[in-house]
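Single-structure report; data block below.
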Amino acid sequence: MTKLSDKKKLVSIVVPCFNEVGNVRAMAQALCEQMGVLERYDYEIIFIDNCSTDGTRDELRDICGSMPEVRAILNARNFGQFNSPYYGLCQSRGDCAIAISCDFQDPVELIPIMLDAWDDGSKIVCPVKTESEESGLVYFARSCYYKLVRRLSSVEQIEHFTGFGLYDRAFIDVMRKLDDPTPFLRGIVAELGPASRTEIPYHQQRRKAGKSHNSFWTLYDGAMLSFTSYTKAPVRAAVVLGVVATFVGLVAMVATLIVGGAAGMGSIAAWVLAWCILIACGLQLFFLGMIGEYVLTISQRSMRRPLVVEEERLGKW
């Protein structure tokens, strides 16, 4: 009879995917090979498909029918880049769960290292990009964004952390209780995760097959969700700049009245005043848009909609 202490720990590996027909089978095989040599663990692999249209679902049906460790959740529609992975983690059954992208940009070779850190007591293990195969300009822009958010946020954010990582079941239970319809996992880890998390540097590879599904608007959504969830700076800056703009406008008006009486100086003063008004209007529109983003985030969270709606589950649950 097996002793309780000899029972293997269950590791859940959650793989969100969208139009990854060229990667899902290779990823399933790579994960099975990686976990197969780690005999001290049992494991399950959960693909969560965000309503793919390229044949990914047919591949998943075949994989789940031939590989007993693999199961899948098929979403009824595309619920976005944040809801789907978060929901997949919440559906995991393991003593820990590992989130990893399906495009091989997150190296499967880090899994044993993360599990070793978990065995040593870390409740959260965060791989952090120190290098990337993406263009230097994009990586630089991301670095600037992370530093800006980290400086402005009331919570110490994790730079170049994408969500790829290991989460102990205790933290997964915290995620399940949040009931947040627009969760931002990276911020939640920084805000609610234990301070004793382990960070592992890694080199992000190019995707193995297919093209990235990120666009300007998906990146913008992520940036705004981060800003509106964890920073107060834009709203407070609007207040401060509003006071400053009002003061400058009053000074410019008085200066115009005084200088306007001087010969040949009235037109210059009028142009200065016009530019001040134009800049003030631009700032008003900018901060009105930022406040609108905050209102939009509040509206989405107040609707209490489900993270995703499932269409079907594949494999043995």
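The values are calculated or read from the model by the stated rules, or taken from the named source; none is laboratory data. Remember, predicted model here, so these are calculated numbers, not experimental data. Note that each Cβ is placed from the backbone with ideal geometry, even for glycine, and that neighbours are counted across all protein chains shown.
Structure notes:
- Yes/no for E44 being within 29 Å of V189 (Cβ to Cβ), surrounded by 16 or more Cβ atoms within 10 Å (Cβ to Cβ) and at pLDDT 95 or above: yes
- Residue satisfying all of: in segment 103-143; in contact with a helix residue (DSSP H, G or I) (Cβ under 9 Å, 6 or more places away or on another chain) and among the hydroxyl-bearing types (S, T, Y); nearest to E159 (Cα to Cα) among these: S132
- Among all residues of segment 139-159, there is none that is in contact (Cβ under 8 Å) with a residue 60 or more places away in the chain, part of a strand (DSSP E or B) and touching a Cys at 6+ places or on another chain (Cβ under 6 Å).
- Filtering segment 160-207 to residues that are part of a helix (DSSP H, G or I) and of a type in the set (V, I, T) leaves I172, V174, I188, V189.
- The number of residues in segment 6-23 that are touching a strand residue (DSSP E or B) at 6+ places or on another chain (Cβ under 6 Å) and crowded, with 19+ Cβ neighbours inside 10 Å comes to 7.
- L283 vs. criteria at pLDDT below 75, touching a helix residue (DSSP H, G or I) at 6+ places or on another chain (Cβ under 8 Å) and not assigned by TED's automatic domain parsing to the domain that holds P183: yes
- Residue ID - nearest to the chain's Cα centre (by Cα), chosen from residues in segment 151-161 that are surrounded by 19 or more Cβ atoms within 10 Å (Cβ to Cβ) and among the polar types (S, T, N, Q): Q157
- Segment 90-113 - residue that is over 15 Å from E33 (Cα atoms) and of a type in the set (D, E, K, R) and, of those, surrounded by the fewest Cβ atoms within 10 Å (Cβ to Cβ): R93
- In segment 44-133, counting only helices (runs of 4 or more DSSP H) that sit wholly within it, the ones holding 2 or more residues that are of a type in the set (S, T, N, Q) span 56-66, 80-90.
The rows are residues; the columns are (1) within 17 Å of G163 (Cβ to Cβ); (2) surrounded by 12 or more Cβ atoms within 10 Å (Cβ to Cβ); (3) hydroxyl-bearing (S, T, Y).
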{"residue": "L115", "(1), (2), (3)": "no, yes, no"}
{"residue": "D119", "(1), (2), (3)": "no, yes, no"}
{"residue": "S122", "(1), (2), (3)": "yes, yes, yes"}
{"residue": "P127", "(1), (2), (3)": "yes, yes, no"}
{"residue": "V149", "(1), (2), (3)": "yes, yes, no"}
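- Taken as a whole, segment 133-155 holds at least one residue that is at pLDDT below 75, under 29 Å from V37 (Cβ atoms) and in the same structural domain as G36 (by TED's automatic domain parsing).
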